[in-house]
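Written below as structure tokens is the structure these notes are about.
The values are calculated or read from the model by the stated rules, or taken from the named source; none is laboratory data. Nothing here was measured: the structure is a model prediction, and the numbers come from that model. FYI the Cβ positions are ideal-geometry reconstructions off the backbone, even for glycines, and counts take in every protein chain you see. To get the accessible areas, we keep the full protein, side chains included, count just its heavy atoms, and leave off ligands, DNA and RNA. Shrake-Rupley method; radii C 1.70, N 1.55, O 1.52, S 1.80 Å.
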Amino acid sequence: MISFNYDEKKYKLIKKLLIKIWLWSQRLVTQLGGRTIALLFAALAVAMISVVFTDAWIVSVSKQVENIKTVRINVANLHQLKSSFFEAESAQRGYLLTNKPSYIAPFDGALKRARDLVKSIETNIFNQSRAKKQPVELKWVRAITANIDSKSAEMILTIRLMNQNKQKEALEVINLDVGRLEMQKFIMHTDKL
């Protein structure tokens with residue numbers, strides 16, 4: 001059989017202390033009044049509700065900050081995309097005028113950067129649109145991709161023709177104005193995005 005060490009003196013002392021605490025709290029409620037206690041609880045409830053709403057607002061603001069960050073990245077990428085594409089067009093023009101192979105490397109590099117930037121923009125828009133549907137932006141990115149592909153095909157064709165000593169045919173391709181029209185569409189689409 002288990003026996004507890006039961007000290008009657010300690011028990012009475014603890015009981016006496018608890019009774020004193022109870023009586024003190026009753027006196028405090030009486031002195032302050034029931035209204036004061038109710039007001040304190042109401043103030044505590046208002047404070048807790050405020051914390052909940054403030055937390056929700058902070059979460060909302062942080063999501064908006066992320067969206068703004070993504071938009072800024074896309075704007076910077078669009079500017080770099082335009083710059084890269086203009087650089088490719090300039091390198092093509094330089095090669096067609098001078099027939100110097102030193103223009104080919106900048107052309108290839110600029111086209112690669114342009115394609116990488118389009119992929120980056122599309123990925124950012126796709127990731128951002130998981131929360132919100134953004135079909136218009138994705139449509140513009142696809143249009144930009146089509147413009148880049150068309151203009152790139154025209155530029156690559158003219159460079160190949162120059163490599164094969166077919167300057168007349170290269171100029172005929174340029175005079176078709178397909179590349180100029182694609183460049184205008186590219187500028188229009190990037191400006192709208």
State to the nearest 20 debye the size of the charge dipole of the chain about its Cα centre, where the only charges are +1 on K and R beta carbons and -1 on D and E beta carbons. 1280 debye
Can you tell me, using C-alpha contacts under 8 Å and at least 6 residues apart, the relative contact order of segment 134-190 as a whole percent? 49 percent
With all protein chains modelled, accessible area of Leu176 [1.4 Å, Å²]: 120 Å²
State which entries of Lys69/Lys112; Lys119/Lys139; Lys139/Lys192; Lys63/Lys119 exceed 19 angstrom in Cα-Cα distance in the structure shown. Lys69/Lys112; Lys63/Lys119
So what does Met183 come to for accessible area, using a 1.4 Å probe and Å² rounded to 10? 10 Å²
Rounded to the nearest 10 Å², the accessible area of Phe86 at probe 1.4 Å: 90 Å²
Reach of Lys168 by Cα under 20 Å, taken over aspartates and glutamates that are not fewer than 8 positions away in the same chain: Glu89, Glu154, Asp177
Integer Hz, Karplus 6.51/-1.76/1.60 couplings in order for segment 148-155, x for Gly and Pro: 4, 4, 5, 5, 4, 4, 5, 5
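What is the percent of Cα-Cα separations in segment 39-193 that go past 24 Å?
Numbers: 5891 of 11935 pairs.
Every Cα pair in segment 39-193 considered, those over 24 Å come to 49 percent.
Carbon and sulfur together cover what percent of the accessible area of the chain at a 1.4 Å probe radius? Please report the intermediate quantities before stating the final value.
Details: 9080 of 14250 Å².
The nonpolar share, carbon plus sulfur, comes to 64 percent.
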Cα long-axis angle, helix 104-128 against the chain (0 to 90 degrees, to the nearest 10): 30 degrees
Projected onto the charge dipole of segment 131-175 (unit charges on the beta-carbon of Lys, Arg, Asp and Glu, signs +1, +1, -1, -1), the Cα from Ile144, Ile159, Val173 with the largest positive-side position is that of Ile144
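With n ≥ 4 as the cut-off for DSSP H runs, can you work out [θ] at 222 nm for the chain, using -39500 (n - 2.57) per run divided by the number of residues, rounded to the nearest 500? Write out the running numbers ahead of the final one.
Working: 6 runs with 168 residues, N = 193.
That calculation yields -31000 deg cm²/dmol at 222 nm.
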